[in-house]
Amino acid sequence: MSYAKLSVEELQGYFSDFHKDYYGFRPRGFGTEEQWNDRDWLIAQIEQIHGAMDYMKSTFAGREELREGGWVVEETDPELAKRAKWLADERKREYDSWVSEMESNYLKEMQKADA
């Protein structure tokens, strides 16, 4: 990716958002003020996350872990694509079952409160 057109402020936002998307939390307290204002440092941090993602994409298990985290990662091998689809369907079934259970528990609690 070309970062040349991004300002330092845009790079800060990109890094913060990307870090949160990948690791699940913002990089608070990560780096010094000087580093946060350094284009090269920010770009290196962003590229480090891209590198980690590329490494994960090198195996089916890594790609599946990314998909479980909400990332869109396509499979080019037809057999692996079938396997990924089955796993995605299984995650959806588990999620739908969890939602149904939560709704059922909520309704039971509401019925108890009304009684």
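The values are calculated or read from the model by the stated rules, or taken from the named source; none is laboratory data. Owing to the predicted nature of the structure, the values given are computational and were not obtained by experimental measurement. For neighbour counting, all protein chains shown are included, and Cβ atoms are generated from backbone atoms with ideal geometry for every residue, glycine included.
Scanning region 11-67 for residues that are surrounded by fewer than 13 Cβ atoms within 10 Å (Cβ to Cβ), among the small types (Gly, Ala, Ser) and in contact with a Lys or Arg (Cβ under 9 Å, 6 or more places away or on another chain) returns no hits.
Wholly within region 35-115, which helices (runs of 4 or more DSSP H) include no fewer than the required count, namely at least 3 residues that are modelled with pLDDT under 95 and more than 21 Å from residue 22 (Cα to Cα)?
Details: elements: 39-56, 60-68, 78-114.
Here the list reads 78-114.
Just the residues that are within 16 Å of the chain's Cα centre (by Cα) and of a type in the set (Val, Ile, Thr), please, taken from region 1-49. The answer is 46, 49.
Of all residues in region 76-92, one or more are closer than 30 Å to residue 3 by Cβ and without any contact (Cβ under 8 Å) to a residue 24 or more places away in the chain.
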